[in-house]
Amino acid sequence: MFEREDWTLFRSVETIGQKAGVTKEMLPRLVAKELADNAADEAGTCTVELIHGGGLCVSDLGGGIPGSADEIAALFSVARHLRSSKYLRLPTRGALGNGIRVVAGSVLATGGDLQVSTKGNRYRILVHDDGTATAERIGDHPQDGTCIEVRLGQGPWPEGGFGEDEMVWAEQVMVFSKGGKGYQGKTS
């Protein structure tokens with residue numbers, strides 16, 4: 001009988017699609033969408049923009065990510081248990097609890113860079129091959145809310161991972177979030 005911990009699929013560009021539900025070519029779109037989804041969940045809306053080097057910045061004016069540097073790093077661990085702020089999966093959502101792991105796994109699998117700014121601190125999140133993550137404080141974050149910057153490494157996408165085409169799904173999240181809570185019923 002074959003057995004493996006499924007989080008190991010987050011470590012390779014060739015297998016992350018099994019957990020993410022998209023082809024490897026679509027990973028940047030999904031990363032942008034997942035970050036926009038989480039920001040919109042927290043703050044009702046968000047800003048998504050391209051940054052230097054083909055990176056992506058998703059920011060919101062919500063309450064920020066609670067916890068110490070170690071707790072924030074644990075949130076970005078691909079080996080952590082499924083964790084979601086939602087009990088039911090809505091028709092407009094992906095698989096609950098995998099969004100941040102898809103983001104962190106994409107950074108790990110491509111050799112990219114992930115920075116999280118929240119609650120006065122700016123961290124570089126280092127995602128390790130053993131599935132854990134560590135947060136290295138690299139500065140201050142004087143604004144309210146949270147800002148997450150992502151740059152992907154090598155892959156079948158533009159430098160840094162993001163261009164106008166990779167913003168499409170995140171832009172749709174912002175359009176849908178402007179109307180408020182959206183559909184709140186159960187899935188069929």
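Bear in mind these aren't lab numbers, they're just calculated from the coordinates by the rules spelled out. Note that this is a predicted model, so its numbers are computed, not measured. Using ideal geometry, Cβ is built from the backbone for each residue, glycine included, and neighbour counts are taken over all protein chains shown.
Taking amide hydrogens as modeled 1.01 Å from N in the peptide plane, which residues meet the under 5 Å criterion relative to TYR123, leaving out close sequence neighbours?
Under 5 Å from the amide H of TYR123: VAL116, SER117, THR118, ILE138.
Could you please state, rounded to a whole Å, how far the C-alpha centre of segment 1-43 is from the C-alpha centre of segment 122-162?
Using only Cα atoms, the two centres lie 15 Å from each other.
According to the square roots a ≥ b ≥ c of the eigenvalues of the Cα gyration tensor, what is the shape class of segment 110-171, taking rounded for a/c under 1.5, prolate for a/b larger than b/c otherwise, and oblate for the remainder?
oblate
Are there any trypsin sites (Lys or Arg not before Pro) in segment 1-79 that are in a DSSP loop and have at most 15 other Cβ atoms within 10 Å? List them by number.
ARG4
Show me 100-106, 171-177, 123-129 ranked by packing, highest mean number of other Cβ atoms within 10 Å first.
100-106, 123-129, 171-177
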